[in-house]
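Data first, discussion second: the structure below is written as structure tokens.
The values are calculated or read from the model by the stated rules, or taken from the named source; none is laboratory data. Note that this is a predicted model, so its numbers are computed, not measured. A quick note on method: Cβ atoms are made from the backbone with ideal geometry, for glycine too, and the neighbour counts reach across all protein chains shown.
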Amino acid sequence: MKKTVLVTAIALSISLLSACANKPVVRYGDAAAVETTDINFGSTDLQAIVKKMTDSLLQSPVVGTMTANTRPVVFVEKIKNKTSEHIDTESVTDSISTQLLRSGKFRFVDMTKVDAVVEQLKYQNDAGMVDPSKAIQFGQQTGAEYMLYGNLSSIVKNNADKSDVYYKFTMRLLDLRSGLVEWADESEIRKTRSKELVGW
Amino acid sequence: MFLHLKRLIITSVIGFLILAVSACTSTQFANVFAGYAQQMQGARGALFAGDYQRAQSLVTKAEPGQNNYTLSLLEKARLSFLAQDWQQSRQDFAKVIEALDAEAAKAKVQLSRGLANAGALVSNDNAIAYEVPAYEQSMVHSYQALNYVYLGQLDSALVEIRRANLVQEQALQQNQQSLQDSEEKFNKNALNQAYPSMAAMIGQLKNGFQNAYTFYLSGVLYEAAGQANDAYIDYKRALEIYPDNRYLQQDVLRLATQLGMSDDLSQFSAKYGAWQTPDDRNFGELVILHEQGVVNAKQDLRVDLPIFSSRNQPRFFSFSLPIYQGALMKYSPTSITVAEQTYQTQAITRLQSLASKSLQDQLPALVTRQALRVVAKEQLRRKLGQEGGEIGNILAALYNVTSEQADTRSWSTLPDEVAIIRLPLSAGQHQIQLNVAGQAQTIDLNINAKRITLLQMTTIGQTRSHHIKNL
């Protein structure tokens, strides 16, 4: 009887201690390091997709001739999220357009800021606060010649032992004047996670 | 002196047992001695009275890591949904989904669960973390999808729809596996004699997780997003579960015609008649989802079942098992009148049936665990009786009786029945006359050409609310 009590008491104390004692630790890490916290879409996937897409686009011979003498104006259409996760696809397009701008071969118009631009121009022209000779007039902006758009889709499979997720990211560059798709590529990622046998 | 020491040991053992299940680890003290259904009585009362705020304040709060964490969030999120606070509801459902994901990623053998099981062995099943059954998970994603729709984020709603599909596919897989496993091990005869059948509530249902409401909602949202092919697949799945629903038949016919599915179309046309394309090309659609009532709470049922002792003699022990009692509530169909035509809602899901079927499937595992527990508690009583004399015996018996509670946990703020109406209407303003259980109401809504207008209605007791969204 006494032994039972002792064993129970020890087992319980261990369980209580391990459940309650947790110290938070804060550290800086490498932003480009491989992240495998869980199987969901993460920073490594985002970086891999962006790199593959921008490299492919900039090295494509068609784009080479297109950008030989001019810097084409491109607008980025929202990337459609067809996966079963909430993924910020705007962040993917942001990274891609930033990389392309950095290459110096393309110019971009930002369709997400149109409302703010209109408001600013209205203020300059109508509010009576800005010197009319210095105010920027309506109707002087450049129209986009190309549209960049894409899809992110996934196939997820789970069973008791492991999970598997496959992402496919497709991207296309469309000539707005002719309606021709000038460039397209896809990037695939497969991740699997096998469950550990024993854990807390 | 010696007797005094013994008493001290006994008291400390019992103290420890209680501590084991109520301490900082996971179980809340109240859960050991009062069943969940009992704790929720107040909140359900407020819910029936239509006071969602008060109902929310009466739901027992739980912190992350506690056994009822997900359950408490589910109740709260559903009540926020009813109160049309989509943002709050979205946040709480997101926490539930996060917890479910974390649970799914855990190791196959969990030491913490072993400890909880050990705790449950000397108290009751409430000491084990609540496992959200598949039909509740599919409802989580359905409501989350609606939250996103009402917040104007159709893309995110579709993500939830895809997750709901994943849940149901996975449940189908696991179900086939577990049916094979459990059939052989368990002798159901003794149980069937003592435990009343829930067949009246389950009806024709084949499994406890395939939820036609979720499929239908996903079809509607896919259509709103212009993905007719995906919508067609989900309408077909819903029709498999509810083959008599006229609106579903029409949806399947319409999309089969539109998508040119000639094989399917000849089959469906033979069964349901050919699809008549409406004359008015400039029409939109009205989809009404009507949620009625609230699912029952599980009840505590005491049954006497034989357990074979070490000498192989059957001895009857008292078991506490959860059960849904009674029959299905009958709801009179809601009728709507629009443009001088009257239509009636048709049921697409009985969540009460899903809940009952789901409980029935869990029963073998519940009884097995209960049998182990009864034996463990009996041994504890005998041991304390030997060592602690009368006082130990009495204390142990008292503890055994009061701690014997059936696990009556379930998401108890879900609706009972969901029914639908779907009709093409010409674009523009419309006034529709509702008739819910003899009470009339008029609703004004706008139909956009070639678009879907979603009207979601909820009737609980005498309280009725609705929300309109142009998709």
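Could you tell me whether the stretch B:98-111 includes any residue that is more than 22 Å from A:Ala160 (Cα to Cα), within 20 Å of the chain's Cα centre (by Cα) and hydrophobic (A, V, I, L, M, F, W, C)?
No, because not a single residue in the stretch B:98-111 is more than 22 Å from A:Ala160 (Cα to Cα), within 20 Å of the chain's Cα centre (by Cα) and hydrophobic (A, V, I, L, M, F, W, C).
Any idea which of A:Asp126, A:Asp164 is under 20 Å from A:Ile49 (Cβ atoms), out of contact with any Asp or Glu (no Cβ under 8 Å at 6 or more places or on another chain) and among the acidic types (Asp, Glu)?
It is A:Asp164.
Could you list, in sequence order, the residues of the stretch B:270-296 that are among the aliphatic types (A, V, I, L, M) and modelled with pLDDT under 90?
If the condition is that a residue be among the aliphatic types (A, V, I, L, M) and modelled with pLDDT under 90, then B:Ala270, B:Ala274 are the ones that fit.
Would you be able to tell me the number of residues in the stretch A:135-151 that are within 14 Å of another protein chain (Cβ to nearest Cβ) and touching a helix residue (DSSP H, G or I) at 6+ places or on another chain (Cβ under 6 Å)?
0
For (1) among the hydroxyl-bearing types (Ser, Thr, Tyr); (2) more than 30 Å from B:Gly152 (Cβ to Cβ), each residue gets a yes or a no:
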{"site": "B:Leu221", "(1), (2)": "no, no"}
{"site": "B:Asp244", "(1), (2)": "no, yes"}
{"site": "B:Asp251", "(1), (2)": "no, no"}
{"site": "B:Arg254", "(1), (2)": "no, no"}
{"site": "B:Thr257", "(1), (2)": "yes, yes"}
{"site": "B:Met261", "(1), (2)": "no, yes"}
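Kindly indicate which of B:Leu423, B:Leu354 is modelled with pLDDT of 80 or more and assigned to a strand (DSSP E or B).
B:Leu423
Please find, within the stretch A:158-200, the residue that is nearest to B:Gln170 (Cα to Cα) out of those that are within 14 Å of chain B (Cβ to nearest Cβ) and basic (Lys, Arg).
A:Lys162
Restricting attention to the stretch A:55-74, does a residue exist that is under 30 Å from B:Lys106 (Cα atoms) and either part of a loop (DSSP other than H, G, I, E, B) or within 14 Å of chain B (Cβ to nearest Cβ) (or both)?
no
Since B:Ala406 meets every condition but one in (1) at positive phi; (2) surrounded by 18 or more Cβ atoms within 10 Å (Cβ to Cβ), which condition does it not meet?
Result: B:Ala406 passes all but (1).
Name every residue in the stretch A:37-54 that is without any contact (Cβ under 8 Å) to a residue 24 or more places away in the chain, assigned to a loop (DSSP other than H, G, I, E, B) and under 17 Å from the mean Cα position of the chain (by Cα), in order of residue number.
Answer for the stretch A:37-54, where residues must be without any contact (Cβ under 8 Å) to a residue 24 or more places away in the chain, assigned to a loop (DSSP other than H, G, I, E, B) and under 17 Å from the mean Cα position of the chain (by Cα): just A:Gly42.
Could you please give the count of residues in the stretch B:409-456 that are out of contact with any helix residue (DSSP H, G or I) (no Cβ under 8 Å at 6 or more places or on another chain) and of a type in the set (D, E, K, R)?
Of the residues in that region, 2 qualify.
Are any residues in the stretch B:44-89 more than 14 Å from B:Thr458 (Cβ to Cβ), part of a helix (DSSP H, G or I) and of a type in the set (Gly, Ala, Ser), and if so, which ones?
B:Gly45, B:Ala46, B:Ser57, B:Ser72, B:Ala77 - these are the residues of the stretch B:44-89 that are more than 14 Å from B:Thr458 (Cβ to Cβ), part of a helix (DSSP H, G or I) and of a type in the set (Gly, Ala, Ser).
Residues that are closer than 30 Å to A:Asn158 by Cβ and touching a helix residue (DSSP H, G or I) at 6+ places or on another chain (Cβ under 8 Å): does the stretch A:116-134 have at least one?
No, that holds for no residue.
Here is a list: A:Gln120, A:Gln141. Which entry is in contact (Cβ under 8 Å) with a residue 24 or more places away in the chain and either over 24 Å from A:Ile49 (Cα atoms) or out of contact with any Lys or Arg (no Cβ under 9 Å at 6 or more places or on another chain) (or both)?
Testing whether each residue is in contact (Cβ under 8 Å) with a residue 24 or more places away in the chain and either over 24 Å from A:Ile49 (Cα atoms) or out of contact with any Lys or Arg (no Cβ under 9 Å at 6 or more places or on another chain) (or both) leaves just A:Gln141.
On the given criteria, is B:Glu387 among the charged types (D, E, K, R) and either modelled with pLDDT under 80 or crowded, with 16+ Cβ neighbours inside 10 Å (or both)?
Yes; evaluated as a whole, the condition is true for this residue.
Looking for whichever is closer than 30 Å to B:Thr214 by Cβ, buried (at least 20 other Cβ atoms within 10 Å of the Cβ) and either in contact (Cβ under 8 Å) with a residue 40 or more places away in the chain or small (Gly, Ala, Ser) (or both) here; the options are B:Gln352, B:Gln370. Which one fits?
Among B:Gln352, B:Gln370, only B:Gln352 is closer than 30 Å to B:Thr214 by Cβ, buried (at least 20 other Cβ atoms within 10 Å of the Cβ) and either in contact (Cβ under 8 Å) with a residue 40 or more places away in the chain or small (Gly, Ala, Ser) (or both).
Among (1) without any contact (Cβ under 8 Å) to a residue 12 or more places away in the chain; (2) within 14 Å of chain B (Cβ to nearest Cβ); (3) among the aliphatic types (A, V, I, L, M), there is one condition A:Ala127 misses while meeting the rest; what is its number?
Status for A:Ala127: all satisfied but (2).
What's the total number of residues in the stretch A:144-168 that are part of a strand (DSSP E or B), more than 30 Å from A:Ala116 (Cβ to Cβ) and in contact (Cβ under 8 Å) with a residue 24 or more places away in the chain?
Matching residues across the stretch A:144-168 total 9.
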